[in-house]
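First comes the structure, then the notes that go with it.
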Amino acid sequence: MVNERTKHLILFALLWFLFVIWGLEIGVAWVFKSITGSWISQSSTIYLSKVWAINLLRFLIMSAMLRWLGMNFRDLWKGRFGKKELTYSLAIVLSFLAVEVAYLGDGYSLQILREFRHHLGISPNEWLAVVSLISEYLYYFLEILAVNLLYAGAVKLGGKKPAVLLPTFLWGLVHVLNVIIVPSTQAFLLGIYMATFALLTYFVARRTKSLKIPIFVWLLSMIL
């Protein structure tokens, strides 16, 4: 029989999946698609409305889940970040960067530059493009805090083993849902890539007991 501790872990993981990351994002995106006719934002106004709807809802739902767990936001970045943690973090980032460079070849450029060019393409001026870019990186920051919430909540409710596996599958592998906007093969490869990324990142976070590592690794990866 499933014990109470396991039931609470399953409930927590389900709520996280539906209301913190994937259910929330797909739900908000679907509302905007219903209004605009496209899953992809065609203007900076639509993009900013969508990303801030997600950001604000995510922050509020995370706050509620943290209260339920008896935790606070400080628990999502606890741990030290010294030379050892920096070394591990850079090793992860550079390893996955090498894969991305090999995959994209001559088409590779810094991700933050690719993102900014995209925002310039849908914005009426450079200032609004900068605002959109900043909003996007605040979205990335909240996203990795949300994954840290999944990890930290799993540690509290189920132990260290599920704490690594849940981000691997419920965040990393589920990136295959991007099949909504990209070809199926690309979505599948993205899912495998992100599952491997999450597995390695949170394995190192568990070994070092530092949730600063996923934050550093994710944000640096989103820049390079």
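The values are calculated or read from the model by the stated rules, or taken from the named source; none is laboratory data. This one's a predicted model, so the numbers in the text were calculated from it and none came from an experiment. Reconstructed Cβ throughout: ideal geometry from the backbone, glycine too, with neighbour counts over all protein chains shown. Remember, those area values only see protein heavy atoms, side chains included, never the ligands or the DNA or RNA. Shrake-Rupley method; radii C 1.70, N 1.55, O 1.52, S 1.80 Å.
Mind listing whichever residues of the stretch 178-189 are open to solvent by 60 Å² or more (accessible area, probe 1.4 Å) and either small (Gly, Ala, Ser) or part of a helix (DSSP H, G or I) (or both)?
If the condition is that a residue be open to solvent by 60 Å² or more (accessible area, probe 1.4 Å) and either small (Gly, Ala, Ser) or part of a helix (DSSP H, G or I) (or both), then Val179, Ile180, Ser184, Thr185, Gln186, Phe188, Leu189 are the ones that fit.
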Being over 20 Å from Leu211 (Cα atoms), within 17 Å of the chain's Cα centre (by Cα) and touching a residue at least 60 places away in the same chain (Cβ under 8 Å) is true for just one of Glu143, Glu136. Which residue is that? Glu136
Within the stretch 194-217, which residues are assigned to a helix (DSSP H, G or I) and farther than 20 Å from Tyr137 by Cβ? Ala195, Thr196, Leu199, Leu200, Tyr202, Phe203, Val204, Ala205, Arg206, Arg207, Thr208
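Going by the conditions given, is Ile40 modelled with pLDDT under 95 and within 20 Å of the chain's Cα centre (by Cα)?
Values: modelled with pLDDT under 95: yes; within 20 Å of the chain's Cα centre (by Cα): yes.
Yes.
Please specify each residue of the stretch 190-214 satisfying the condition of being within 12 Å of the chain's Cα centre (by Cα) and crowded, with 22+ Cβ neighbours inside 10 Å.
Matches in the stretch 190-214: Phe197, Ala198, Pro214.
Taking Leu133, is it within 27 Å of Thr196 (Cα to Cα), modelled with pLDDT of 95 or more and either touching a helix residue (DSSP H, G or I) at 6+ places or on another chain (Cβ under 7 Å) or assigned to a helix (DSSP H, G or I) (or both)? So that I can check it myself, show each step before the final result.
Numbers: within 27 Å of Thr196 (Cα to Cα): yes; modelled with pLDDT of 95 or more: yes; either touching a helix residue (DSSP H, G or I) at 6+ places or on another chain (Cβ under 7 Å) or assigned to a helix (DSSP H, G or I) (or both): yes.
So Leu133 passes the test.
In the stretch 107-132, which residues are of a type in the set (Asp, Glu) and closer than 28 Å to Thr201 by Cβ?
Result: Glu115, single match.
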Within the bounds of the stretch 94-102, is there any residue that is among the β-branched types (Val, Ile, Thr) and modelled with pLDDT of 95 or more? no
When the stretch 168-197 is examined, which residues are found to be closer than 19 Å to Gln111 by Cα, touching a helix residue (DSSP H, G or I) at 6+ places or on another chain (Cβ under 7 Å) and of a type in the set (A, V, I, L, M)? Ala187, Leu190, Met194
From the list Trp52, Trp127, pick out the single residue that is modelled with pLDDT of 95 or more, of a type in the set (Phe, Trp, Tyr) and over 23 Å from Ile213 (Cα atoms). Trp52
Tell me, which helices (runs of 4 or more DSSP H) wholly within the stretch 1-73 include 2 or more residues that are open to solvent by less than 80 Å² (accessible area, probe 1.4 Å), closer than 30 Å to Pro124 by Cα and basic (Lys, Arg)? 44-69
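Considering the stretch 76-88 alone, what residues qualify as being assigned to a helix (DSSP H, G or I) and either within 18 Å of Ile21 (Cβ to Cβ) or aromatic (Phe, Trp, Tyr) (or both)? Lay out the reasoning, then the answer.
Here is the first cut: in the stretch 76-88, the ones assigned to a helix (DSSP H, G or I) are 76, 83-88.
Hits for the stretch 76-88 are Leu76, Tyr88.
Mind listing whichever residues of the stretch 108-166 are among the charged types (D, E, K, R) and open to solvent by 70 Å² or more (accessible area, probe 1.4 Å)?
Arg117, Glu126, Lys156, Lys160, Lys161
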